[in-house]
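So the structure is just underneath, and the comments pick up after that.
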Amino acid sequence: DGGITQSPKYLFRKEGQNVTLSCEQNLNHDAMYWYRQDPGQGLRLIYYSQIVNDFQKGDIAEGYSVSREKKESFPLTVTSAQKNPTAFYLCASSKRDRNTEAFFGQGTRLTVV
Amino acid sequence: GQNIDQPTEMTATEGAIVQINCTYQTSGFNGLFWHQQHAGEAPTFLSYNVLDGLEEKGRFSSFLSRSKGYSYLLLKELQMKDSASYLCAVRPDTGRRALTFGSGTRLQVQP
């Protein structure tokens, strides 16, 4: 079955450490996105990529980095520069057509300890 | 800039009808989406409107008025499993296809 997979589901990080969240899709989608969600809040866009080897900053990119070396994969690194990284991270993908829905992964809950 | 507003919380009774409103002010517009999100889970797609009018899909309907910057999601014959957050999101008419989300409306369905 096609889908979008995030791993791990739960992640604990010590302060000062970088950590990478995985996102893989086999839907043959060109576009991929990373969102952050804080308790009781909506989703805020961190980074997005519309094609392989290209990505753009979203609204809250500071302290994060991404790569898009393969169409299927869009990993997100949370760096030590991100001051408040504890949150629920959601990866999504979509076709390039404008009226298409986005499909979400199951999310990674990151906690800084 | 982008601004999307929806009520924070709503309560309704099982079997009833509830309407969740969303108003938006965005630098462009290329479609409005509604998603459902249960606690701790990923959002799931419910509906998409790009033209004015009502889109019906089973118990769920969504309405759009582009001139008013307004949409609503209508849920009929409410069930307990409909207790969730409902997220309104807009796709701006720019090169960026990523959705801009509102903060979500938390709906509690009571017996």
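Could you tell me whether any residue of the range B:79-87 is within 29 Å of A:S7 (Cα to Cα) and open to solvent by 60 Å² or more (accessible area, probe 1.4 Å)?
Yes, the range B:79-87 contains a residue that is within 29 Å of A:S7 (Cα to Cα) and open to solvent by 60 Å² or more (accessible area, probe 1.4 Å).
Report, by residue number, each residue of the range B:18-34 that is in a strand (DSSP E or B) and hydroxyl-bearing (S, T, Y).
Passing the criteria: B:T23, B:Y24.
Conditions: (1) more than 9 Å from chain A (Cβ to nearest Cβ); (2) more than 17 Å from B:T8 (Cα to Cα); (3) open to solvent by less than 20 Å² (accessible area, probe 1.4 Å). B:A98 meets all but one. Number of the miss?
(1)
Taking A:G2 as the residue in question, decide whether it is away from chain B (no Cβ under 14 Å) and more than 18 Å from A:R109 (Cβ to Cβ). Full working, then the answer.
Details: away from chain B (no Cβ under 14 Å): yes; more than 18 Å from A:R109 (Cβ to Cβ): yes.
Judged against the criteria, A:G2 is a match.
Read through the list (1) facing another protein chain (nearest Cβ under 10 Å); (2) open to solvent by less than 50 Å² (accessible area, probe 1.4 Å), then give the number of the only condition that B:V109 fails.
(1)
Identify the residue in the range B:83-95 that is touching a residue at least 40 places away in the same chain (Cβ under 8 Å) and of a type outside the set (S, T, Y) and, among all such residues, is farthest from the other protein chains (Cβ to nearest Cβ).
Here the answer is B:A84.
Among (1) crowded, with 19+ Cβ neighbours inside 10 Å; (2) within 14 Å of another protein chain (Cβ to nearest Cβ); (3) more than 17 Å from A:P39 (Cα to Cα), which single condition is B:S27 missing?
(1)
What strands (runs of 3 or more DSSP E) lie completely within the range A:1-98 and have 3 or more residues being of a type in the set (G, A, S)?
A:87-94
Return the residue satisfying two criteria in turn: it lies in the range B:35-59 and is in a strand (DSSP E or B) and more than 14 Å from chain A (Cβ to nearest Cβ), and of such residues it is most open to solvent (accessible area, probe 1.4 Å).
My answer is B:E56.
Does B:I4 satisfy the condition of being of a type in the set (A, V, I, L, M, F, W, C), closer than 24 Å to A:L45 by Cα and within 11 Å of chain A (Cβ to nearest Cβ)?
Judged against the criteria, B:I4 is a match.
How many of the residues making up the range B:60-75 are over 14 Å from the mean Cα position of the chain (by Cα) and loosely packed, with under 14 Cβ neighbours inside 10 Å?
2
Looking only at the range A:73-111, how many residues end up being more than 11 Å from chain B (Cβ to nearest Cβ) and surrounded by fewer than 18 Cβ atoms within 10 Å (Cβ to Cβ)?
The total comes to 10.
The values are calculated or read from the model by the stated rules, or taken from the named source; none is laboratory data. This one's a predicted model, so the numbers in the text were calculated from it and none came from an experiment. Note that each Cβ is placed from the backbone with ideal geometry, even for glycine, and that neighbours are counted across all protein chains shown. Surface areas here come from the heavy atoms of the whole protein model, side chains and all, with no ligands, DNA or RNA. Shrake-Rupley method; radii C 1.70, N 1.55, O 1.52, S 1.80 Å.
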